[in-house]
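The structure under discussion appears below in the form of structure tokens.
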Amino acid sequence: MVKMSKSIVSCLIFGFAFLYIPIIVLMVNSFSDSDIPGVWTHFSMRWFKAVLEDRDLIGAAMASLKIAVISATGSVVLGVLSAIATTNYSTWYCKKVLGTLIVIPMIIPEVIIGFSLLMLFMALEDIFGISIERGIITVAIGHIMITVSYIHMTIRSRLILFDKSMEEAAANLGAKPFAVFMNIKIPVIGRSIVAGWILAFTLSLDDLMIASFLTGPGSTTLPILIFSNVRVGVTPAINAFSTMFIGIVLMCGLLSFFLSRNSKPL
């Protein structure tokens, strides 16, 4: 048993080292003064300064941030509503169907989701004459589709543990449904909502596949720009920007984890 435990620990250490050492090397090289990515000379912040002067990178970062904010907010609204619908109304015959439909995007490959949404926008224009220009809004819609599942699961896990007698007592005292929701349920699921928003924000920032189908001129996201630069050759500025990007995503992920962990139902 002891030997087996040591073997498991060794496999875990090797696996995590294999995954994270390249990221650590990238972050270390971002502080190198060398003009060649992956070559260390001496410590320098020149490439971080170069990032701040690169309009393409800044523009792509701003587009990604806008999309992430829109998609995270939209996902929270839909996720909260769907979680309430699948936990409050026990006799609603569509509850299981809705719960299944919400979770399906988590298991469908993103390439299929991106392509199907692209076909949908094209069909809307061809059949109904509704022209939807590909850009920030279309990418945000795609990101909402894949992130709402995570919000739904996060909020629903809290609502399942919610003491419904508090809601019934408030209703018996004359409280309106909206007042019950705002004054009783929101305090219970508030941290989960924030944690879900941060998670959706992070997932949107990281997405490449769906954005590559739905983006348009002037709305190139950061992952698309980095991927394009990697194919034609990169400068160490990409290392610096990747370090900044990793820092933002890491902080969002840690904040989401701690908020979700510390969220206690009443």
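Each value in this text was obtained by applying a stated rule to the coordinates, not by laboratory testing. Predicted, not measured: the structure shown is a model, and the values here were computed from it. Positions of Cβ are generated from backbone atoms using ideal geometry, with glycine treated the same way; all protein chains shown enter the neighbour counts.
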Value of [θ]222 nm, deg cm²/dmol, for the chain, DSSP H segments ≥ 4, -39500 (n - 2.57) each, nearest 500 | -25000 deg cm²/dmol
For LYS49 and ALA175 in the same chain, what is the full-extension length gain: residue separation times 0.36 nm, less their Cα-Cα distance, in nm?
-> 39.7 nm
Point-to-point label distance, LEU81-PHE227, nm (Cα→Cβ direction, 7 Å offset) | 3.0
Amide H to amide H, which residues 5 or more places from GLY135 or on other chains are under 5 Å from it, using H placed in the peptide plane?
-> GLY216
Given a Förster radius of 41 Å and the C-beta distance between ILE23 and SER165 as r, what FRET efficiency does 1/(1 + (r/R0)^6) yield to the nearest 0.05?
-> 0.25
Under 5 Å from the placed amide H of SER32, counting only residues 5+ away or on other chains, we find SER44
Estimate the FRET efficiency between VAL39 and LEU120 by the formula 1/(1 + (r/R0)^6), using the beta-carbon distance for r and 51 Å for R0, to the nearest 0.05.
-> 0.65
Ranked list, fewest to most other Cβ atoms within 10 Å of each Cβ, for HIS42, HIS152 = HIS42, HIS152
With labels modelled as points extended 7 Å from the Cα through the Cβ direction, what inter-label distance (nm, one decimal) is found for THR100 paired with ILE248?
-> 3.9
Give the longest segment of the chain that steers clear of chymotrypsin sites (Phe, Trp or Tyr not before Pro) in DSSP loops with at most 15 neighbouring Cβ atoms within 10 Å, not counting the sites themselves.
-> 94-266
Hey, what did the chain get for relative contact order, percent, Cα under 8 Å, at least 6 apart?
-> 30
Decide, for region 112-266, between rounded, prolate and oblate: order the square roots of the alpha carbon gyration tensor eigenvalues as a ≥ b ≥ c, take rounded if a/c falls under 1.5, and otherwise choose prolate if a/b is larger than b/c, else oblate.
-> oblate
Report the far tail of the P(r) of the chain, meaning the percent of Cα-Cα pairs longer than 23 Å.
-> 64
C-alpha center-to-center spacing [region 17-36, region 108-153] in angstrom = 35
One finds, for ASN183 and LEU65 with R0 = 45 angstrom and r their Cβ-Cβ distance, a FRET efficiency to the nearest 0.05 of 0.85
Cα-centre dipole for region 49-262 with unit charges at Cβ (Lys and Arg positive, Asp and Glu negative), debye to 20 = 600
